[in-house]
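This report refers to the structure that appears directly beneath it.
The values are calculated or read from the model by the stated rules, or taken from the named source; none is laboratory data. Everything numeric in this text was worked out from a predicted model, so none of it was measured. FYI the Cβ positions are ideal-geometry reconstructions off the backbone, even for glycines, and counts take in every protein chain you see.
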Amino acid sequence: MFLGHFGVGFGAKTLQPRVSLGTLFLAAQLADLVWPTLLLLGVERVRIVPHFTATNAFDFVYYPFTHSLVGELVAGLLLGLAYWLLRRNAGGALLVGLLVPSHWLLDLVVHVPDLPLYPGASPLLGLGMWNHLVATQVIEFALLGLGLWLYMRRTRARNGAGRYGLLVLVVLLALTHVAGLFSPAPASVGALAWGAQVLWLFVPLAYWVDRNREVTGETRPASAPSIS
Ligand SMILES: [Zn+2]
């Protein structure tokens, strides 16, 4: 899953509007952000098998640290804790912590049975929607659309950067998704892993967009009435 995770990040803004969209993206996509680095380090492994599913060419042979349920729960705990230490916002920290394993639940819908529950000799789970190309696209775009709608209801642009930056962000997400769908299988795991690092760009972009938008329904601290 790709767009769906960002959709969840967008939508989560409704629950804790003080948490930046950049942090929400970081949490919801942490597994896929870290995965390419673990591939490059040889810690996790993937096989490129053209037409492995109707949607992509990836046989995820071994990725228990980024993509097991327990791995994502632990990562969520750590990221939530880090957020709390930095911001002292318990509700925000809880949301950040829960968003990390939300990735596993969403992946569960689309992956073929390759998702472990825990590192080691775990059963592998996956409902396999990736074998249904159209259904996969419907759910990806529906999740992005729903999340975006929630985000736009909860925030409004402060300036052009907030308005057009959001547009650029969404267009780039959709283009990245569609490009992945239509491009041939990567030539090597190294090429895949380096290419996948592009995902990191969406995190600072989301921080920037979010900074140029404001939460609706919240009054700014009123300036002291002037006595004249
Ligand atoms: Zn994933």
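When you look at Leu79, is it touching a Gly at 6+ places or on another chain (Cβ under 7 Å) and part of a helix (DSSP H, G or I), yes or no? Give the steps one after another, and end with the answer.
Details: touching a Gly at 6+ places or on another chain (Cβ under 7 Å): yes; part of a helix (DSSP H, G or I): yes.
Yes: the conditions hold for Leu79.
Residues checked against (1) over 17 Å from the mean Cα position of the chain (by Cα); (2) surrounded by 16 or more Cβ atoms within 10 Å (Cβ to Cβ); (3) at pLDDT 95 or above; (4) within 14 Å of the ligand (Cβ to nearest atom):
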{"position": "Leu3", "(1), (2), (3), (4)": "no, yes, yes, yes"}
{"position": "Lys13", "(1), (2), (3), (4)": "no, yes, yes, no"}
{"position": "Arg18", "(1), (2), (3), (4)": "yes, no, yes, no"}
{"position": "Ala27", "(1), (2), (3), (4)": "no, yes, yes, yes"}
{"position": "Glu44", "(1), (2), (3), (4)": "yes, yes, yes, yes"}
{"position": "Thr66", "(1), (2), (3), (4)": "no, yes, yes, yes"}
Could you give me the residue pairs with C-beta distances under 7 Å whose first residue belongs to region 45-68 and is touching a residue at least 24 places away in the same chain (Cβ under 8 Å), whose second residue is away from the ligand (no atom under 15 Å from the Cβ) and among the acidic types (Asp, Glu) wherever it lies, and which are 6+ apart or on separate chains?
none
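From the list Val138, Val70, pick out the single residue that is surrounded by fewer than 14 Cβ atoms within 10 Å (Cβ to Cβ) and over 17 Å from the mean Cα position of the chain (by Cα).
Details: Val70 fails: surrounded by fewer than 14 Cβ atoms within 10 Å (Cβ to Cβ).
Answer to the selection: Val138.
Kindly indicate the residue of region 172-202 that is of a type in the set (S, T, N, Q) and outside any loop (DSSP other than H, G, I, E, B) and also surrounded by the fewest Cβ atoms within 10 Å (Cβ to Cβ) among those meeting that condition. Spell out the reasoning first.
To start, the set of residues in region 172-202 that are of a type in the set (S, T, N, Q) comprises 176, 183, 188, 197.
Restricting the remaining residues to those that are outside any loop (DSSP other than H, G, I, E, B) gives 176, 197.
Values: Thr176: 17, Gln197: 12.
The selected residue is Gln197.
Do we find that Pro113 is away from the ligand (no atom under 15 Å from the Cβ) and touching a residue at least 12 places away in the same chain (Cβ under 8 Å) in this structure? Quick ask: steps written out before the conclusion?
On the way: away from the ligand (no atom under 15 Å from the Cβ): no; touching a residue at least 12 places away in the same chain (Cβ under 8 Å): yes.
When the stated conditions are applied, Pro113 does not pass them.
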Output for region 116-147, where each listed residue is assigned to a helix (DSSP H, G or I) and within 13 Å of the ligand (Cβ to nearest atom)
Trp130, Glu140
